[in-house]
1. In the full protein assembly as shown, how much of residue 24 is accessible to a 1.4 Å probe, in Å² to the nearest 10?
2. Per 0.36 nm of contour for each residue apart, how much would the distance between residue 317 and residue 251 grow if the chain were fully extended, relative to their Cα-Cα spacing?
3. For the chain, treating each Cα as an identical point scatterer without solvent, what Debye log10 I(q)/I(0) comes out at q = 0.07, 0.10 1/Å?
4. Roughly how many Å² of residue 302 are accessible to a 1.4 Å probe, to the nearest 10?
5. Just tell me which lysines come within less than 18 Å, Cα to Cα, of residue 267; anything on the same chain fewer than 8 places away is out.
6. For segment 230-336, what % of the accessible area comes from carbon and sulfur atoms, probe 1.4 Å?
7. Determine the gain in length on full extension of the stretch residue 288-residue 53; use 0.36 nm per residue of separation and subtract their C-alpha separation, reporting nm with one decimal.
8. Going 7 Å from the Cα of residue 308 along its beta-carbon direction, which residues of segment 274-293 have the amide nitrogen within less than 20 Å of the resulting point?
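The values are calculated or read from the model by the stated rules, or taken from the named source; none is laboratory data. Everything quoted here is computed from the prediction, not taken from an experiment. Cβ placement follows ideal geometry from the backbone for every residue including glycine, while neighbour counts extend to all protein chains displayed. These accessible areas exclude ligands, DNA and RNA; they are computed on the full protein's heavy atoms, side chains included. Shrake-Rupley method; radii C 1.70, N 1.55, O 1.52, S 1.80 Å.
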Amino acid sequence: MNAPAASSLRTLQHLIDARLITPDSAPGLVPVLAKYALSISPEVGAAIAATGLDGPIARQYVPSAAELTQTPGEQTDPIGDHTHSPVKGIVHRYPDRALLMPTQVCAVYCRFCFRREAVGPDYGGLSEAELETALDYIRRTPQIWEVIVTGGDPLILSARRLEAIFNALDNTAHVATIRIHSRIPVAAPERIDDALLRVLGGAHKPVNLAIHCNHAAELTPAAVAALRRLRKAGIMLFGQTVLLRGVNDNAETLEQLFRGMVAAGIKPYYLHQLDRAPGTAHFAVPIERGQEIIKSLRGRLSGIAHPTYILDIPGGAGKVPVGPNYLHGHSGSLLVEDPHGVTHTL
Ligand SMILES: *Cc1c(COP(=O)(O)O)cnc(C)c1O
Ligand code: SF4
């Protein structure tokens, strides 16, 4: 395989030149790229080269004709963002926290993304006026205790634009804490530079960063160095993982990932059941299988390395934990299962 390109891969020709796809598969992918954005950053390109074309990183990022297959139950807005949006750029589903989405652009595009119908360079982001309206909604809604800046990937914004958002949130008294959701620390770690660190570390309110990472091979030396810089700037790091067929749907892979996260200073937060976005059925893992995997890690993996297995109920009803259950029976004759599968009477 070639050395990784110095800039991101954004066209089928780029993928052919990087030998990520063959020329004869390209025509079948034209309709995929007509629907869904493509970008593979140099850091991800190198991780693909290290793990192979059939490997867990290639599968997350290299487009496939399987994305054209729609199955019943898939929805363009799988978790009901749209029905909970009071103004453009805000999703307010839970009383105490609201999402602020300043941009729909990402450094890389994941083939299983739950917002795939709404992310990409063609969707841009909020204008200055729209951003001001969104911030006003936060200012005049006192029950918003936490603002979750997401997108798209908010860390794609310039330090100057991010600083304007952080200043506004810092100056809104009822906002106690700021959370960012991003893939950039692992997908484009070079963006975690001094200017960005000054903004993230300069807020008076605690800043929590939830990093989307699905495989230990994404924790490259450059990513681990970026995570160290973030921690030194005073940012708390959380991990978000999507359970994906052919990427991380076995106990050994998840164990390595969660250990890798903790070793890099990330607390694993959520393991997400895949949201049913269009053309993603080839990534789906049944919930029962997910529970089985999680169960096999109990007792063998440090407690702080366990995330909560979470389902976002289709249609926008909310997130709920769907991890394995250890209690059986009913009150009066309750049985509890230990990590070895032995049941005990309570
Ligand atoms: C996922 C999500 C959140 C955050 O939920 P947590 O359980 O606090 O991580 C908030 N708002 C919306 C609309 C969400 O989809
Ligand atoms: S980085 Fe996040 S928002 Fe962007 S494509 Fe991947 S999953 Fe979707």
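1. Around 130 Å² of this residue is reachable by solvent.
2. Gain on stretching residue 317 to residue 251: 20.8 nm.
3. The computed values of log10 I(q)/I(0) come out as -0.30, -0.63.
4. Rounded to the nearest 10, the figure is 60 Å².
5. 232
6. 56
7. 81.7 nm
8. 274-276, 287-288, 290-293
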